[in-house]
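Input: a single structure, listed below in C-alpha cells.
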Amino acid sequence: MARAPQFDRSGLRAGIRLAVAVSGGADSVGLLLALAEAAPEIGLVLSVAHVHHGIRGAAADEDAAFVAELAQKMDLALHVHRVDTPETARERRQSLEEAGRELRYAWFRALMEEGSIDAVATAHTLDDQAETVLHRLLRGAWTEGLGGIHPMVACPRGAILRPFLATRRAEIVDWLRSVGQPWREDASNQDVTFTRNRIRHELLPQMAGFNPKITEQLAHLATIARDEEDWWATELRRMLPSLLLPGRPVRGGGRSVPTHPNAGSSGMELERLRALAPALRRRVLRAAAAELGCRLSFEETERLMAMGESGAARREQLASGLRAERSARELRLVREPDSGGGPSDEAIETPIPGEVSGLGVTLRLTLAEDGASGGAPLSATLRGPRPGDRVKLLHARGAKPLKEIFERLNVEAEARKSWPLLEWQGQIVWMQHVPVAAEPLVPFRVEVLGNSAGS
C-alpha cells in the first residue's frame, strides 16, 4: 500500500481532540486519511468538521452527504454547520469568499470555545501557499501579506493547524488514486473568472516555464516574510513607546488626549523620525496609524514619509478619517470622531455582472470580453466619497485627491458628499463625470443607465 504524504506534526500531541475541516475535495479528504493513519501512533482523537455555505445548490448538498458518509465509514464524529453565506455577504458588504471564510473560522473557534474540540486542522497545501503569496503580491501586499498562510494560528482556546502546508497537491491526489479513495470536485475551482483560479491554471504554469520550482520558491518567500515580520513586531514593541507621543502638545507643557472613543491622535518628533532608516520609519508610521485603528496604503505611507522630510507645516487627509498634520517639531496623526455632516456612508455592493442603483445613478456592470477577473467572487461597491480617496485620471500622472478634482469641476461642497464612485478591490474605477484611468486588471465595463444629474 502506498505511503500517505508526510505532514507537519507541530501542535499535535497525544490526546488532542482534533477536528479535520473536510469540504470533500482531494486536499481535505487526503488530510483526513493521513491523520487517521497516524492517529494511533500520535494518539489523536479525530472528528470531522464540515461547513455547508449555502451556495452551489445541489452540489453543496452532495458534498455534505459525501463527507457524512466518509465520517460514518471511518467511525468518526461529525460536526456540521450550515450558514447563509450570500445573505451574510450582503449584510456585511463583503465578497462571498470573505464572508464564507469569516463564517467558517468563527464556527471553528466556537467549537473550541465550547470545549467540543482542542484544535482544527485545515488542508492548505504548498500550492495554496504559493497561490496566496502571488495573489497578494499582485494586489500590492506589504511584507506581512507575503507571509501567506501561517502553519499555526493560536486562538483563545485552541489553534488552527495546517499540517499539509509543505505538501504538494499533486502528491495528495496521486496517493488518493493509489488507495482508491474518491473525492468531490468543486466546479468553481476551474472557473478562470476568479483571480485565484487564473493564478493556479494560467499564471503559475507560465512562471514554471522560467523556474520549475516556482511554487516552492514562493512558499520559501512566505517563510522568510513571516520570520521577518516576527522580528519587526518584537522590535516595534520595544521602540514604539519612546517614539509615539499620545495626543497633542499643550501650552505650558504636557499633552492633551481626546476622550471621545472614536477619536485619537499620536505625534512623532520630526528630528527623531528623520534619523530612522527608511524601513523603520515606514514601520513606525504604519504602527502609529494602526494604533488609531487605521491602515495605511503604500501611497499614503510615502506621503507621510515626504511630509517628514520637508520643513513647512502641512496637512494631509488620509484614509479612514485619518488626518496628518506637521508642525515645526512634530508629525501628528489625528483621527476625528464621526460626525453627521460628513460624506455619505451609503455603500452598495453588487455582483458582476449586475446592475446597481444608488446616489442618483444606475450602473450596469458587465464582464470584459476576455472574462478576466480581479476578485473572487467578483463584485464592486457603489459609494460616496470618503476622506483620503484618490483617483487616477486619464492622461495624468499619479492619483489625485478628490478635493482637487471637485474644484476643477466646480462641484459645491454639499454635492460632493454624495458624489457617486465605484470601488473595486480598494480602487476607484469609475466616478461620475470624471474620466478615470482604467486599471489594467479591471475585468468589467461600466455603463451608466440612469443619472439624476444628467449624463
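Key figures for this structure:
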| item | result |
| --- | --- |
| Any hit, the stretch 152-167, residues being under 25 Å from Ala64 (Cα atoms), at pLDDT 95 or above, exposed (fewer than 15 other Cβ atoms within 10 Å of the Cβ) and not aromatic (Phe, Trp, Tyr) | no |
| Wholly within the stretch 1-94, strands (runs of 3 or more DSSP E) carrying at least 1 residues that are out of contact with any helix residue (DSSP H, G or I) (no Cβ under 9 Å at 6 or more places or on another chain) | 17-21 |
| Residue ID - farthest from Ala166 (Cα to Cα), chosen from residues in the stretch 1-44 that are polar (S, T, N, Q) and surrounded by fewer than 19 Cβ atoms within 10 Å (Cβ to Cβ) | Ser10 |
| Residue match in the stretch 112-131 (condition: assigned to a helix (DSSP H, G or I) and under 30 Å from Leu422 (Cβ atoms)) | yes |
| Qualifying residue in the stretch 368-378 (condition: within 25 Å of the chain's Cα centre (by Cα) and at pLDDT 80 or above) | no |
| Residues within the stretch 172-198 that are among the charged types (D, E, K, R) and assigned to a loop (DSSP other than H, G, I, E, B), tallied | 4 |
| Enumeration of residues in the stretch 327-353 that are of a type in the set (S, T, N, Q), surrounded by 15 or more Cβ atoms within 10 Å (Cβ to Cβ) and either within 30 Å of Ala275 (Cβ to Cβ) or at pLDDT 60 or above (or both) | Thr350 |
| Members of the stretch 78-111 found to be among the hydrophobic types (A, V, I, L, M, F, W, C), more than 30 Å from Glu423 (Cβ to Cβ) and surrounded by fewer than 16 Cβ atoms within 10 Å (Cβ to Cβ), listed by number | Val80, Ala110 |
| Residue count for the stretch 74-91, restricted to those that are modelled with pLDDT of 95 or more and more than 18 Å from Ala21 (Cβ to Cβ) | 1 |
| Enumeration of residues in the stretch 45-59 that are surrounded by 19 or more Cβ atoms within 10 Å (Cβ to Cβ) and among the aliphatic types (A, V, I, L, M) | Leu46, Val48, Ala49, Val51 |
| Count of residues meeting criterion [surrounded by 13 or more Cβ atoms within 10 Å (Cβ to Cβ) and either under 24 Å from the mean Cα position of the chain (by Cα) or among the aromatic types (Phe, Trp, Tyr) (or both)] in the stretch 169-188 | 5 |
| Residue list for the stretch 375-430, filter: of a type in the set (Phe, Trp, Tyr), touching a residue at least 60 places away in the same chain (Cβ under 8 Å) and touching a helix residue (DSSP H, G or I) at 6+ places or on another chain (Cβ under 8 Å) | Trp419 |
| Exclusive hit being closer than 19 Å to Ala4 by Cβ, among the acidic types (Asp, Glu) and surrounded by 18 or more Cβ atoms within 10 Å (Cβ to Cβ), set Asp75, Asp118, Asp128, Asp63 | Asp128 |
| Selection status of Gly15, under 30 Å from Trp424 (Cα atoms) and over 24 Å from the mean Cα position of the chain (by Cα) | no |
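The values are calculated or read from the model by the stated rules, or taken from the named source; none is laboratory data. None of these values were measured; they are calculated from a predicted model. Cβ: placed from backbone, ideal geometry, glycine included. Neighbour counts: every protein chain shown.
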